[in-house]
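I have placed the structure first, in the form of structure tokens, so that the comments after it can refer back to it.
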Amino acid sequence: MEPGSPPSARESAERHLERGWALHRLGRNRDSLDEAKAALREVPGLAGAHGLLAFSLLELDRKEEAVQSARDCVAAAPAWAWAHYVIGRVLRRTGSCRAAGEALAECVRLDPEDADYRLETAWLRFDEGDMAAALEEAEQGLRLDPVHGPCAAVRGLALQHLDRRDEAAAAYRDALAIDPEMVIPHAGLGYLALRRSSGKEAAEAFRSALRLDPGYRWAQSGLPEALRHTFPGYGRIDRWVARLRALTHGKRGGLGCLLCLLILLFVGSSPPWFVDQDFSWTGILLWMARLLVILGTWAWAFSIWVVRPLYELALHSHPVGRWLVEPVHLRESRVLAGALLLSVLLLMAGAAFSWSRGATLGVILLLCLPPMGAVHRSGSVGWRGGERGFIVFALVLGVLGTLLPAEFGVAGIKSGLALSSLLLLHSFFISFTET
């Protein structure tokens, strides 16, 4: 406070600040803003009030005003480390990382023994993507204050992003031993459990985080994936996808091209079914190998583009998960489930009534399922026009082939099979490049 302030004014400002900080901690930032302004009316230029004003404005997303209040805080007390901490934090939260770094460096220079200042510097390095520097700052904060829970939590985050998972888990547990009410360690343990495909453990960790802070988005985004991992088979598919993502985009594209080329060469060069009634062991083995290659191609693409979306239906039936499924993903899952059911019914009808064209239409629909799932890839909203057009055209050819007589019907069926096979091969390829 300014030394010339009357005692009554100083005491009144102190009371406003005390109430203001309490309200700020409760998230009542409009009220804390009013208290900060009241303190400044009592003692104009009060650095602590400018700091509270800056933090309250920041939480209310009034960023320009928050930065100005933080500058006023430094102007009121340029030799006070906390004032530089205020502007450093505000600048970091508003995206001015370079200026924030300069302010926090001055803050640490003025008071190198405060763990909170090291914590804010660790967050700055984390935002910049320098995980090694973030880890160093967090550990420096813990050396200054071994029971500083937030520093322990940020240490866990940095270790997790450095892929030092065992150390990260230990750091999160250390943080929870200091303060079990912190949200970050619970969510971090949830993501580490996801990396082990331990859905039940991950879901419990995310629930613990959300019980403490229902609006914590990091835990909100992880809980649906954790619940999916509780369903049989999902973890295995997720591990396949994770291994693909570990490769560079170029390597994935090269692998997809190579496999597609081998499939085309093998299937295209194999004799169609049994040529000239060749029932020798060689002919039978070649035919079976070709069939296995086709089934394997379909099964892989089906697992990536159809099975994973179908888990959304299972998640929607979960008492918690039903609120976590996005409507666009739910619609996609229902379309795929309906198409799968229809294809099975067509195959059954073809087998029961010796209706070969109906069974073939069912096969065409089955071949089109992975391309249908792929057009919604990467959270895309709506069908992508070109790919949808080819899928619809293949299905129309199949339907016409089923309804038209004689040669026209056979031509339609063959054309539908050929186009749906090419669409399947395309979805197989992009399962490597765009998963």
Quick one: how many residues across region 49-90 are touching a Cys at 6+ places or on another chain (Cβ under 8 Å) and farther than 23 Å from residue 14 by Cβ? 1
Of all residues in region 216-275 being of a type in the set (Ser, Thr, Tyr) and either touching a helix residue (DSSP H, G or I) at 6+ places or on another chain (Cβ under 6 Å) or modelled with pLDDT of 80 or more (or both), which is nearest to residue 286 (Cα to Cα)? 270
Given the structure, is residue 5 among the hydroxyl-bearing types (Ser, Thr, Tyr) and modelled with pLDDT under 90? yes
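Going through region 100-130 one residue at a time, which ones are touching a His at 6+ places or on another chain (Cβ under 6 Å) and farther than 17 Å from residue 142 by Cβ?
Selection gives 103, 106, 107.
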Of the residues in region 399-435 that are modelled with pLDDT under 85 and within 37 Å of the chain's Cα centre (by Cα), the one that is surrounded by the most Cβ atoms within 10 Å (Cβ to Cβ) is 435
Give the residue, chosen from 42, 35, that is more than 33 Å from the chain's Cα centre (by Cα) and crowded, with 23+ Cβ neighbours inside 10 Å. 35
Is it fair to say residue 365 is in a helix (DSSP H, G or I), under 28 Å from residue 227 (Cα atoms), modelled with pLDDT of 90 or more and not hydroxyl-bearing (Ser, Thr, Tyr)? no
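The values are calculated or read from the model by the stated rules, or taken from the named source; none is laboratory data. A quick note: this is a predicted structure, and the numbers were derived from the prediction, not measured. Counting neighbours? That spans all protein chains shown, and the Cβs are built from the backbone with ideal geometry, glycine included.
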